[in-house]
Amino acid sequence: MTYGIITRVAAPGEAYVAVHRAVLAHADRVSLEGLPVHIGRVTAAGFEVIEIWKSKEQLDAANRAVVDPAMVEVFGDGPPPGPPAVVETFDVRGLVIPAADLFS
């Protein structure tokens, strides 16, 4: 089942840029397999990441292989500064991405 996740972070947009760069430096097609959509945007409270995955298992695998190491690279062994991120998951009811061969 297609899996959606929104992560809201109360940190400057520069933090998103740093983590995004670290993810891209370490990611490959295999580690991000199953991710047809990633959107990062600055908000009044910090930044937000919206992702659509083909499955929760692929999201979890990518977090272990790529995102978690990128976070350690940027922030060290402790949690990022500021309050914890707010995470909302959702079942995707409509999605059309012809180039990704994903219709859900």
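The values are calculated or read from the model by the stated rules, or taken from the named source; none is laboratory data. It should be emphasised that the depicted structure is a prediction, and the values quoted were computed from it without experimental measurement. Cβ placement follows ideal geometry from the backbone for every residue including glycine, while neighbour counts extend to all protein chains displayed. In case anyone asks, the SASA skips ligands and DNA or RNA and just uses the protein heavy atoms, side chains included. Shrake-Rupley method; radii C 1.70, N 1.55, O 1.52, S 1.80 Å.
Before moving on, here are some points about what is shown:
This table checks each residue for (1) in contact with a helix residue (DSSP H, G or I) (Cβ under 8 Å, 6 or more places away or on another chain); (2) hydrophobic (A, V, I, L, M, F, W, C); (3) within 23 Å of T2 (Cα to Cα).
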site	(1), (2), (3)
E33	yes, no, yes
E48	no, no, yes
I52	no, yes, yes
L59	no, yes, yes
V66	yes, yes, yes
V72	no, yes, no
V92	no, yes, yes
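- For beta carbons closer than 9 Å, sequence separation of 6+ or different chains, a first residue in region 81-104 that is modelled with pLDDT of 90 or more and in a strand (DSSP E or B) and a second that is open to solvent by 90 Å² or more (accessible area, probe 1.4 Å) and of a type in the set (A, V, I, L, M), the qualifying pairs are D91/M1.
- Every pair of residues 6+ apart whose Cβ atoms lie under 9 Å, when the first sits in region 37-66 and is under 19 Å from A99 (Cα atoms) and without any contact (Cβ under 8 Å) to a residue 60 or more places away in the chain while the second is open to solvent by 40 Å² or more (accessible area, probe 1.4 Å) and assigned to a helix (DSSP H, G or I): H38/H20
- Applying the criterion of being open to solvent by less than 40 Å² (accessible area, probe 1.4 Å) and part of a helix (DSSP H, G or I) to the residues of region 19-31, the residue that is nearest to A85 (Cα to Cα) is V19.
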